[in-house]
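Any read-out appearing in this document is the output of simple, stated calculations on the displayed coordinates, not a laboratory observation. Everything quoted here is computed from the prediction, not taken from an experiment. Reconstructed Cβ throughout: ideal geometry from the backbone, glycine too, with neighbour counts over all protein chains shown.
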Amino acid sequence: MLLKAADLGAGYTEEPGDSHDKDKYGITGCPALEKLSGDGELKSAVQVKTGFAYAGEAGMSEELDSDSPTALSAQLHTLYDAYAACPSFTITSGSSPTDAKAVKATVPELGDERYGVTVTMSGPGGTMIMKQIAIRKGNVSVLLMGSPGLVDHHIEKALSKITTD
């Protein structure tokens with residue numbers, strides 16, 4: 001089950017799950033990430049997404065994926081191995097290139113498997129830091145991505161809402 005704005009507390013507004021798909025982007029300078037089509041998404045049997053804004057500024061998205069534990073594990077390994085292979089790369093949205101640097105992030109000891117990356121992006125609009133944490137619990141994985149403070153604060157709550165077979 002996905003998080004709801006009411007689960008997160010005051011100041012959060014929910015955004016439709018497809019609102020994050022509007023801004024397609026590309027990645028260059030990292031063959032491992034380029035191979036993933038730059039979307040950084042898992043290709044699971046079932047996938048649902050939602051997003052949140054906090055105080056009209058900071059944001060966070062949630063993705064739940066369901067598949068066999070083996071398939072989810074392999075996809076998570078592929079995604080996070082790609083980030084590890086390329087500590088720096090370029091993200092292009094429209095015609096604006098943004099330099100990005102990825103470092104392994106600390107992830108709480110939850111679930112059966114866990115991964116995390118913090119990406120610092122520097123471009124014409126300034127610098128932005130984004131954190132992504134993925135935790136697999138049985139046949140379900142939860143991915144939170146967005147402002148590092150929001151992701152860290154809500155990962156346990158997101159994991160507590162999922163049920164596994």
Review point. Would you say residue 141 is among the hydroxyl-bearing types (Ser, Thr, Tyr) and within 20 Å of residue 77 (Cβ to Cβ)?
Key: yes
Review point. Taking the range 122-138 as the search range and keeping residues that are touching an Asp or Glu at 6+ places or on another chain (Cβ under 9 Å) and not β-branched (Val, Ile, Thr), which one is farthest from residue 76 (Cα to Cα)?
Key: 123
Practice item. Quick one: residue 117 ticks every box in (1) in a strand (DSSP E or B); (2) surrounded by 22 or more Cβ atoms within 10 Å (Cβ to Cβ) except a single one, so which number is it? Key: (2)
Revision key, fill the gap. Exception for residue 44 within (1) more than 18 Å from residue 25 (Cβ to Cβ); (2) assigned to a strand (DSSP E or B); (3) among the polar types (S, T, N, Q) falls at (2)
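Identify, please: which residue in the range 104-114 is assigned to a loop (DSSP other than H, G, I, E, B) and of a type in the set (Asp, Glu) and is, among those, farthest from residue 34 (Cα to Cα)? Can you show your working first?
Restricting attention to the range 104-114, the residues satisfying the condition of being assigned to a loop (DSSP other than H, G, I, E, B) are 105-112.
Going one step further and asking which of them are of a type in the set (Asp, Glu), we end up with 109, 112.
Details: 109: 30, 112: 28 Å.
Checking each candidate, the answer is 109.
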Review point. Restricting the range 73-103 to residues that are among the aliphatic types (A, V, I, L, M) and in a strand (DSSP E or B), which is nearest to residue 27 (Cα to Cα)?
Key: 91
Point to revise | Failed item, numbered, when residue 66 is tested on (1) crowded, with 17+ Cβ neighbours inside 10 Å; (2) over 24 Å from residue 15 (Cα atoms); (3) hydroxyl-bearing (Ser, Thr, Tyr) | key: (2)
Exercise for review: Kindly indicate the residue of the range 92-114 that is touching an Asp or Glu at 6+ places or on another chain (Cβ under 8 Å) and not polar (S, T, N, Q) and also surrounded by the most Cβ atoms within 10 Å (Cβ to Cβ) among those meeting that condition.
Suggested key: 110
